[in-house]
Amino acid sequence: MNCLKGRVGSLLAVFVLAALLAVSAALAHEVRPAYLEIKETSSGQFSVLWRTPVLSGMRLPIALKLPDEVKNLREPSVEELADSLVERRWVNAGPNGLAGKRIEFVGLQATITDLLVRIQMLDGRKWTTIVRPAHPWVEISASQTWLGVAVTYVVQGTRHILFGYDHLLFVFALLLIVRSRRVLLMTITSFTIAHSITLALATLGAVHVPRPPVEAAIALSILLLACEIVRLQQGQASLSARWPWVVAFSFGLLHGFGFASALTDIGLPRSDIPLALFSFNVGVELGQLAFIATVLGFLTVAKRIRLASVIGHRALPAATYAIGILAAFWFFARLAGF
């Protein structure tokens, strides 16, 4: 009877964890920001690029509302892409331009999507900022300092890794494989160096890899790690256990292309590309370190209250199979989306 209860408990743990992760999976790589770019082309006249993400075939319900005195110079154009809807406008804001005026984003408050705004004036002033659902408008002011650009992209990098559940699941799988803190440090460092290399190469245009195969391969990398964890639990030899830093570096190169896709979605200020790229990468690392610290902190507390000895022999297999199931689902779903 106790054996039956133990098995039922393990099965319930698997399904509960899988269900929770599946909810998160629905948002994996789908929390892409909306994007507004405004460039002053002549005194008081502007070109406007407005891009809203398309999720599951539906455009996010966000509408751009320019100040009432802003008039169209010609009919707007709309282009439908696979993952977004791009609208271009050419407007006249009058002799005073857009300085001191408010641009509103109707419906943003009902979403979980951030909005990146980039403005460039004719006199060279530039401004990049993030608009959040709790504050769905922006007021045009003076140009932004380099520190403001850095903060903007650090925040975007941190949000990407924390909402990029597939990347976090890969890191979590590494934590289940590596038991030594010293080896873990080497492994995470290898992963960081690798994805920093491909992030820079892809963002700067030196290497181009199509997005769908990259996302499918990232899911496959998580599935392979889940298989490696099962091999370790069965006492079999495992490449990931022997040389985890090599595995992390190899797969890190792949994940870097995924980070680059997210940064491409956000866009880069042409005059501050090195700063924005570096800041985004710093944000990714900060989010990754925060996640690792949280997991290790939980495990430390669990050991102190002897929680690990009570549920550890069931939780580890449950977590492993949940990771494998979710990664397999992502892989085939992304493969079908080619």
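Values computed for the structure shown
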| read-out | value |
| --- | --- |
| Residues (of a type in the set (A, V, I, L, M, F, W, C) and within 30 Å of Val54 (Cβ to Cβ)) located in region 229-273 | Phe251, Leu253, Leu254, Phe257, Phe259, Ala260, Ala262, Leu263, Ile266, Leu268, Ile273 |
| All positions within region 95-113 that are out of contact with any strand residue (DSSP E or B) (no Cβ under 9 Å at 6 or more places or on another chain) and not β-branched (Val, Ile, Thr) | Pro95, Asn96, Ala99, Gln109, Ala110 |
| Tabulated pairs, region 164-190, first hydroxyl-bearing (Ser, Thr, Tyr), second part of a helix (DSSP H, G or I) and open to solvent by less than 10 Å² (accessible area, probe 1.4 Å), C-beta under 6 angstrom, 6+ apart or interchain | Thr187/Leu174; Thr187/Pro244; Thr187/Ala248; Ser190/Ala248 |
| Hits in region 69-91 - residues which are assigned to a strand (DSSP E or B) and either modelled with pLDDT under 90 or closer than 18 Å to Gly267 by Cα (or both) | Glu79, Glu80, Ser84, Leu85, Val86, Glu87, Arg88 |
| Those residues of region 302-338 which are of a type in the set (Phe, Trp, Tyr) and at pLDDT 85 or above, in sequence order | Tyr321, Phe329, Trp330, Phe331, Phe332 |
| Identity of the residue in region 80-103, among the hydrophobic types (A, V, I, L, M, F, W, C) and under 17 Å from Ile140 (Cβ atoms), that ends up most open to solvent (accessible area, probe 1.4 Å) | Ala99 |
| Unique match (being hydrophobic (A, V, I, L, M, F, W, C) and within 21 Å of Gln45 (Cα to Cα)) among Val131, Val86 | Val86 |
| Strands (runs of 3 or more DSSP E) contained entirely in region 104-208, each with at least 3 residues that are out of contact with any Pro (no Cβ under 8 Å at 6 or more places or on another chain) and either open to solvent by 70 Å² or more (accessible area, probe 1.4 Å) or of a type in the set (Val, Ile, Thr) (or both) | 115-120, 137-139 |
| Residues located in region 203-217, provided they are within 19 Å of Phe278 (Cα to Cα) and within 17 Å of the chain's Cα centre (by Cα) | Thr203 |
| Ser43, sole failed condition from (1) open to solvent by 50 Å² or more (accessible area, probe 1.4 Å); (2) within 29 Å of Leu122 (Cα to Cα); (3) modelled with pLDDT of 90 or more | (3) |
| The lone exception for Asn92 - which of (1) out of contact with any strand residue (DSSP E or B) (no Cβ under 8 Å at 6 or more places or on another chain); (2) of a type in the set (S, T, N, Q); (3) within 15 Å of Leu66 (Cβ to Cβ) it fails | (1) |
| Count - residues of region 46-63 that are open to solvent by 60 Å² or more (accessible area, probe 1.4 Å) and at pLDDT 85 or above | 1 |
| Identity of the residue in region 253-289, β-branched (Val, Ile, Thr) and either within 16 Å of His208 (Cα to Cα) or touching a Pro at 6+ places or on another chain (Cβ under 7 Å) (or both), that ends up most open to solvent (accessible area, probe 1.4 Å) | Thr264 |
| Matching residues, region 64-79, being among the aliphatic types (A, V, I, L, M) and open to solvent by 60 Å² or more (accessible area, probe 1.4 Å) | Leu73, Val78 |
| Hey, Ile119 farther than 29 Å from Val284 by Cα, modelled with pLDDT of 85 or more and not polar (S, T, N, Q) or not | no |
| Meets criteria (open to solvent by less than 10 Å² (accessible area, probe 1.4 Å) and within 21 Å of Arg334 (Cα to Cα)) for Ser221 | yes |
| Residue within region 95-106 that is closer than 24 Å to Leu268 by Cβ and touching an Asp or Glu at 6+ places or on another chain (Cβ under 7 Å) present | no |
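The values are calculated or read from the model by the stated rules, or taken from the named source; none is laboratory data. Note that this is a predicted model, so its numbers are computed, not measured. Don't worry about glycine lacking a Cβ; one is built from the backbone with ideal geometry, like all the others, and counts go over all protein chains shown. Ligands, DNA and RNA are stripped out before the accessible areas are found, and what is left, the full protein with its side chains, is counted by its heavy atoms. Shrake-Rupley method; radii C 1.70, N 1.55, O 1.52, S 1.80 Å.
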